[in-house]
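S.K.: Got a structure for you, written out below as structure tokens; questions coming shortly.
What follows is calculated from the coordinates using simple rules that are stated; it is not laboratory data. From a predicted model like this one, the values you see are computed outputs, not experimental measurements. Cβ coordinates were reconstructed from backbone atoms using ideal geometry, including for glycine residues, and neighbour counts include every protein chain displayed.
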Amino acid sequence: METNVQKKRENKKSLRVKVISLGNAEVGKSCIIKRYCEKRFVSKYLATIGIDYGVTKVQVRDREIKVNIFDMAGHPFFYEVRNEFYKDSQGVILVYDVGQKESFDALDSWLTEMKQEMGSQANMESIIFVVCANKVDLTKRRVVDESEGRLWAESRGFHYFETSAQSGEGINEMFQAFFSSITDMCENGGRRPVSEVNVGFTREQADTIRRIRNSKDSWDMLGVKPGATREEVNKAYRKLAVLLHPDKCVAPGSEDAFKAVVNARTSLLKNIK
Ligand code: GTP
Ligand code: MG
């Protein structure tokens, strides 16, 4: 007969979790899951109708984890089916296609939809997010580069992986990190451990790099009005240089942003008397 001590030990060892996949239609959510669970790739597109559900068992350290995977349909048409399934998730796989900018830009709206549907339950600190920059095998059509994706993910405390469901690149690594973080969180009383969110750069640095990438000209990049004086340009430059200097900033893309700021200042000063 099992003793209470044995039962307690068993409970500590086994864990049941719920994870969901999110992202625009056709970015490869189902293929990523299939690659991991069934070790195969299907090149024909079979849109998920509403939700696909599956269960898998994984081992993390001394624990057996029973994972319930809810693979969501990305098409807006299935919103009414999807919205039921956000609640009680411990992990979210957010996927975009590196060859499709709209799917990357849509990540924010997927988070918004999720928060909305979870309502008062929306405690994003108790959920592990992993971002998959998928279809990296299709190098020629790539339009979203690694530093842009990594910055978006890591500035939110999310994991970032470059994946290909087609070749298998990054898939096992991604799932291992994902399940191990979920286990850490469960062992940490249901909150993300501090190391998960401490990424070594600030939200201000991340937002500034993003703003610089999206700026339309040198004035805009430095954050000054067209026609600004030398002093105004230099003042704005110094502020950005302190924030983004490669010796001080480790955020992905900071080096390119810093160079862009140096070039913007040089070209503006050339034309200001
Ligand atoms: P919905 O279920 O409609 O939301 O789409 P989904 O995100 O589940 O996409 P799915 O996994 O069905 O894949 C869409 C298409 O992209 C299919 O034709 C896949 O074969 C293809 N695909 C998925 N991942 C990759 C990849 O890593 N590389 C390449 N080359 N093709 C991929
Ligand atoms: Mg699918």
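S.K.: Applying a 10 Å radius around every beta-carbon, put 131-144, 84-97 in order of their mean neighbour count, most first.
M.R.: Top to bottom by mean Cβ count within 10 Å: 84-97, 131-144.
S.K.: Report the gain in length on full extension from Lys273 to Arg211: 0.36 nm times residue separation, minus Cα-Cα distance, nm rounded to one decimal.
M.R.: Taking Lys273 through Arg211 to full extension adds about 19.6 nm, to one decimal.
S.K.: Using 0.36 nm per residue of separation minus the Cα-Cα distance, give me the extension gain between Thr56 and Glu146 in nm, one decimal.
M.R.: 29.4 nm
S.K.: Give me the aspartates and glutamates in straight-line cross-link reach of Lys66: C-alpha distance below 20 Å, same-chain residues under 8 apart excluded.
M.R.: Output for Lys66: Glu10, Glu38, Asp52, Asp88, Glu173, Asp184, Glu187.
S.K.: Then there's this: Can you compute the modelled spin-label distance between Ala25 and Thr139, with each label point 7 Å from Cα toward Cβ, in nm?
M.R.: 3.2
S.K.: Test of understanding: extend the Cα→C-beta vector of Asn188 to 7 Å, then name every residue of region 200-224 with backbone N under 20 Å from that spot.
M.R.: Zone members listed by number: 200-203.
S.K.: Between Glu64 and Ala177, what is the label-point separation in nm under the 7 Å Cα-to-beta-carbon projection?
M.R.: Result for the modelled spin labels: 2.8 nm.
S.K.: Using label points projected 7 Å from each Cα along Cα→Cβ, tell me how many nm separate Lys225 and Glu102, to one decimal.
M.R.: 3.8
S.K.: So, one more: Along the charge dipole of the chain, Cβ charges K/R +1 and D/E -1, which of Phe179, Ser215, Gly54 sits furthest on the positive end?
M.R.: Selected residue: Ser215.
S.K.: At 222 nm, what value in deg cm²/dmol follows for the chain if DSSP H runs of at least 4 each add -39500 (n - 2.57) and the sum is divided by all its residues, to the nearest 500?
M.R.: Helix-only estimate at 222 nm: -13000 deg cm²/dmol.
S.K.: Here's another thing I want to ask about it. Check cross-link reach from Lys248 to the lysines: straight Cα distance under 25 Å, and skip same-chain residues fewer than eight apart.
M.R.: Lys235, Lys239, Lys259
S.K.: Order of Ile33, Ile51, Ile272 from fewest to most other C-beta atoms within 10 Å?
M.R.: Ile272, Ile51, Ile33
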